[in-house]
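Peer 1: This is the structure I have questions about; it appears just below.
The values are calculated or read from the model by the stated rules, or taken from the named source; none is laboratory data. Nothing here was measured: the structure is a model prediction, and the numbers come from that model. Cβ coordinates were reconstructed from backbone atoms using ideal geometry, including for glycine residues, and neighbour counts include every protein chain displayed.
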Amino acid sequence: MTTELQSTSEGSIPETTAATRAVHPATVFLALLRRDMRVARRELPYFLIRTALQPILMVTVFGFLLPRMGVVSRGYTASLLPGILAISLALAALQSVALPMVTDFGWTKEIEDRLLAPGPTSLVAVEKVTSGIIQGMVAAAVVLPVARLIIGPIDGLTWSHLGQVIAVALLGGAAFSSLGLWMGTAIPPQQIGLMFSVILAPMIFFGCAYYPWAGLRLVPVLKYSVLINPMVYVAEGMRASLTPQLPHMNPIAVYGALLLITALFMMLGLRSFDRKAMS
């Protein structure tokens, strides 16, 4: 009897191990992503307030009030709308990854449950970046019609390059989600608020969101120094897609720069994520 029990017990171990190994990483990835999307759907009102309120206020002031007061020309709105979309996309993608990373690695320790999933550690980080891309695109999709409604008719606005708009949104979301992964894992939790102030404010004001990059030709030093800012490429990519008659950066340069930025911060973010997960 003892021999049979030992045989049965020993025989069940390989079956359990085989079942565990049979879980494909893609299945784990989709399960984690579904969980994050369910949480995001439940917190959708708070998510929209956090990511869409500031861009909509900017649209109201710069796109509605100032043109009607004669402070800026009405043609300015054509350059403003793509920049506002870039801001909403960037803020949503960045915050949707960085803030949960700080919380999960901080006092809640929620990240430990996900690290126990059958798959490589980097899979959890990649899933977080994917979730950030989706949430960034959702924020931009909400802000776009609201901003268009507030501003009113916009000269030169076209929807004929919708594929390019989606491509820029995907690449821009990937760049800022990767940046959020790095910020959320490399910066100490007690300093994350300061880093948002130090990094985000200059990134927005010098990211060509309120003006085209070509307009900086009058200040050559600034024109080329802002090229380290990923916001520049998202704003210029949106400008090239939505208002192509305005001066804008070459779309090929935009796509290439966003791919390089994504690769750089993804590498840095995965390294800091693994280091923090092991600690």
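Peer 1: Pairs please, first residue from segment 32-46 and in contact (Cβ under 8 Å) with a residue 24 or more places away in the chain, second anywhere and of a type in the set (Lys, Arg), Cβ atoms under 8 Å, 6+ apart in sequence or on different chains.
Peer 2: LEU32/ARG114; ASP36/LYS128
Peer 1: Which condition from (1) surrounded by 17 or more Cβ atoms within 10 Å (Cβ to Cβ); (2) under 26 Å from THR103 (Cβ atoms); (3) over 13 Å from the mean Cα position of the chain (by Cα) is the one that VAL165 breaks?
Peer 2: Single failed check for VAL165: (2).
Peer 1: Another question about this same structure. With (1) among the hydrophobic types (A, V, I, L, M, F, W, C); (2) within 15 Å of CYS208 (Cβ to Cβ); (3) surrounded by 23 or more Cβ atoms within 10 Å (Cβ to Cβ) as the list, and PHE273 as the residue in question, which single condition is left unmet?
Peer 2: Going through (1) among the hydrophobic types (A, V, I, L, M, F, W, C); (2) within 15 Å of CYS208 (Cβ to Cβ); (3) surrounded by 23 or more Cβ atoms within 10 Å (Cβ to Cβ) one by one, PHE273 breaks only (2).
Peer 1: Here's something else I'd like to know. It is to be established whether one or more residues within segment 231-242 are at pLDDT below 95 and surrounded by fewer than 20 Cβ atoms within 10 Å (Cβ to Cβ).
Peer 2: Within segment 231-242, none of the residues are at pLDDT below 95 and surrounded by fewer than 20 Cβ atoms within 10 Å (Cβ to Cβ).
Peer 1: Taking into account only those residues within segment 243-270 that are closer than 21 Å to ALA92 by Cα and not aliphatic (A, V, I, L, M), which is surrounded by the fewest Cβ atoms within 10 Å (Cβ to Cβ)?
Peer 2: Result: TYR255.
Peer 1: Further, regarding this structure: Checking the condition at pLDDT below 85 and hydrophobic (A, V, I, L, M, F, W, C), which residue from ILE187, ILE204 passes?
Peer 2: ILE187
Peer 1: Still on this structure: May I ask you to verify whether PRO202 is farther than 16 Å from PRO55 by Cβ and surrounded by fewer than 18 Cβ atoms within 10 Å (Cβ to Cβ)?
Peer 2: For PRO202, the condition - farther than 16 Å from PRO55 by Cβ and surrounded by fewer than 18 Cβ atoms within 10 Å (Cβ to Cβ) - is met.
Peer 1: Taking the conditions exactly as written (under 16 Å from MET249 (Cα atoms), modelled with pLDDT of 90 or more and β-branched (Val, Ile, Thr)), does VAL168 satisfy them or not?
Peer 2: Judged against the criteria, VAL168 is a match.
Peer 1: When you scan segment 14-71, how many residues do you find that are at pLDDT below 85 and β-branched (Val, Ile, Thr)?
Peer 2: Total satisfying the criteria: 9.
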